Each structure stands twice: as C-alpha cells, then as structure tokens.
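Colleague: Below is a structure I'd like to ask you about.
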Amino acid sequence: MNTIFIIGQHRTGSTLLKNILNVHSQVIMAFDEMNLYEPFRKNTLDKFLKKSNLTTNELINLLKKRNIYGTFWRDFENSGITFVELEKELNKENKLDEQIVLTAVLQLLKEKSNVKMAGVKYPVHIRKISNLLKYFPDAKIIFLTRNPKAIIASKINDPATKKRKEQSKIKAWFIHYFTLLYFCFEYNLSIKIFFRNKENLYLVTYEDLVLHKEKTVQQICEFLGIGFEKEMLLVSGKQSSFNNTNNKTFHQDSIEKYKKVLSSFDSRLIDFLTRKSFRNIQNEPHPHL
C-alpha cells in the first residue's frame, strides 16, 4: 500500500504539511494525528490492544465512547470512515494489533477517496519509528523538524499551557520549565533518531517549508512519486499560537516570533541543551535546497 507518514516532534508545522499534501489529487491524509506509543498516556490505541485481546466490537465501542487518546481516534466520526465500514474491514482478521488497525484505516481512506496514496501525521511517537518501519517497510516517511526555540516558544505560548500556568505562580514556574526541559529532551531525541534512521527518512524543516515553499513542495512530491500541483501552495496550517491572524504572513512571521516569547535566560538555556543537535541537523544536506 502506498503510504505517507509525517513524523517528528509536536509544534513543527505538521498541520501545514498535512494540509499541503491533502490538497493533492492523488493523496488523502487522515484529518489528524493518531499518537500511538505516546509517553505519559495510558489510553493510546497500542495500550488498549496490549491490555487484552480486543475484539473488533470492543474497539468500535471504545471509539464510540471517545476513550482512545489521539484526535483521530477521539473524533473518529470526522475521518470519513463509518464505524460499520471499519468493523467490516477489521472482521477480516483473526486478531487485532497496531499494524492491522492502521492498515485498515489507511486502506479505507484510500479506497473511499479513490487516490494513489493515504497518509497520516504523527501515527506514532518518534521513539517508536522502528515499529513504523517494520509495519510499513515501503512507506514514504517525512521527518519534520524546526528550530528548537520556536518549537518550545510555540508550546509555552499555546492556550492550554497558558491556562495551566494561570493557577498559581509556583505552578506556572514549574509548568514553564518542565515544558522547556521536556521539549529540549524530545528535540534531542528526535534528532538522534533521525540520524539513526536517516536512510529511511526524508528531511523537511518548517523553515524550508515556509521560506522556500514551492521548491520544497516540488521536491517532496518527487520523493513521494507524485506530480507537483500548484494548488498545494495555496493552503495554510492551523492558527499559530503566536496569534498573528494574517494568513498570508503568519507562517513566515512565526519563524522569528520565538524571540518575543522566550526570555534571554530561556533562550540561552535552550541553546545550551540543544546546540549540538540543532547544529547537526542544520549541517545535514536538505534534499530540496
């Protein structure tokens, strides 16, 4: 099956890239992320499958109750696939596992849209890319990354984080620096995993996607084996957490907006913790430039 996966860290521009690909006449992208193997979550799809030998009927009930973590699973009715269609596809198998469920979903998306390729952003956490390579050895996998300062500033600045920080000054300080340190750790991990698997990955940076959009998208299409379509340049991603409402410029502006969000101490701390990884990925040849 012709499959596209976008992997990487959160806050790297995955919605923008997903929307660009989804405009293509021969591509259908799942409407949101699946988040298998997500750390600190007890209700991811993989954990439900491992806890017990889930039947198809039990899985469908979990989806209907919105009990599975990940926007795609929680809001499954927005996927364009009916519960009946998924149940029929999964009933062909004797036992369910992650590979079978993901394959069934992507196959249904592809068939219902009558396209060449189906894909999803963040099907699995970056640390489990080996599972993705095992399940889908012929998949086209795009590794998406971004300046770590921009990633962290975007996360710190998002409404959910801001709301949690409003509870108390002490809690706000803890949340702020836990977020910063955890995302630095995740950034270093993602870059390490990229280099460990780079022969199977196609590198794209958010900065390239914004500043060199046409050339970058053209080369992504070449990597995927599909023709470039100009409509792909006309879409945008979700609204930036930096609150710029001008759709024509907010992606470009967001590249430098971290400077207004991070304190000088935060900026130096991120530099100290991620400098080596950031330098290594900057020095890695970008296939589209």
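Colleague: Return the pairs, sorted by first residue and then second, in which the second residue is surrounded by 13 or more Cβ atoms within 10 Å (Cβ to Cβ), the first residue lies in the range 166-181 and is assigned to a helix (DSSP H, G or I), the beta carbons are less than 6 Å apart, and the residues are 6+ apart or on different chains.
Modeller: The qualifying pairs are Ala172/Lys165; Ile175/Arg164; Ile175/Lys165; Thr179/Lys155; Thr179/Ile156; Leu180/Ile152.
Colleague: Determine whether the range 116-132 contains at least one residue that is touching a Phe, Trp or Tyr at 6+ places or on another chain (Cβ under 8 Å), at pLDDT 95 or above, surrounded by fewer than 17 Cβ atoms within 10 Å (Cβ to Cβ) and assigned to a helix (DSSP H, G or I).
Modeller: Yes: the range 116-132 contains one or more residues that are touching a Phe, Trp or Tyr at 6+ places or on another chain (Cβ under 8 Å), at pLDDT 95 or above, surrounded by fewer than 17 Cβ atoms within 10 Å (Cβ to Cβ) and assigned to a helix (DSSP H, G or I).
Colleague: From the set of residues in the range 186-202 that are under 17 Å from the mean Cα position of the chain (by Cα) and of a type in the set (A, V, I, L, M, F, W, C), which is surrounded by the most Cβ atoms within 10 Å (Cβ to Cβ)?
Modeller: So, considering only residues that are under 17 Å from the mean Cα position of the chain (by Cα) and of a type in the set (A, V, I, L, M, F, W, C), the one surrounded by the most Cβ atoms within 10 Å (Cβ to Cβ) is Ile191.
Colleague: Find the residue count for the range 1-59, including only residues that are of a type outside the set (A, V, I, L, M), in a loop (DSSP other than H, G, I, E, B) and out of contact with any Ser or Thr (no Cβ under 7 Å at 6 or more places or on another chain).
Modeller: Applying the first criterion (of a type outside the set (A, V, I, L, M)) to the range 1-59 yields 2-3, 5, 8-15, 18-19, 22, 24-26, 31-33, 35, 37-44, 46-48, 50-53, 55-58.
After this cut, where a residue has to be in a loop (DSSP other than H, G, I, E, B) as well, the list is 2, 9-13, 24-26, 31-33, 35, 37-44, 52-53, 55.
Now restrict to residues that are out of contact with any Ser or Thr (no Cβ under 7 Å at 6 or more places or on another chain): 2, 10, 13, 24-26, 39-44, 52-53, 55.
The qualifying residues number 15.
Colleague: Restricting the search to the range 182-218, which residues are in a helix (DSSP H, G or I) and touching a strand residue (DSSP E or B) at 6+ places or on another chain (Cβ under 9 Å)?
Modeller: Initial filter on the range 182-218 (in a helix (DSSP H, G or I)): 182-200, 206-211, 213-218.
Listed by number, the residues that qualify are Tyr187, Ser190, Ile191, Ile193, Phe194, Asn197, Lys198, Asn200, Tyr206, Leu209, Thr216.
Colleague: What is the residue count in the range 52-71 for residues that are modelled with pLDDT of 95 or more and crowded, with 18+ Cβ neighbours inside 10 Å?
Modeller: So the answer is 6.
Colleague: Next question. Please find, within the range 60-71, the residue that is nearest to Ala30 (Cα to Cα) out of those that are in a helix (DSSP H, G or I) and of a type in the set (A, V, I, L, M, F, W, C). If you could, list the steps in order and put the result at the bottom.
Modeller: So the first thing to find is which residues in the range 60-71 are in a helix (DSSP H, G or I), and the list is 60-64, 71.
If we keep only those that are of a type in the set (A, V, I, L, M, F, W, C) too, we end up with 60, 62-63.
Details: Ile60: 18, Leu62: 19, Leu63: 16 Å.
This residue is Leu63.
Colleague: Of all residues in the range 72-103, which are touching a residue at least 40 places away in the same chain (Cβ under 8 Å), surrounded by 13 or more Cβ atoms within 10 Å (Cβ to Cβ) and not in a loop (DSSP other than H, G, I, E, B)?
Modeller: Residues satisfying the conditions are Phe72, Glu98, Val101, Leu102, Thr103.
The values are calculated or read from the model by the stated rules, or taken from the named source; none is laboratory data. Because the structure is a prediction, the values reported are computed rather than measured. For neighbour counting, all protein chains shown are included, and Cβ atoms are generated from backbone atoms with ideal geometry for every residue, glycine included.
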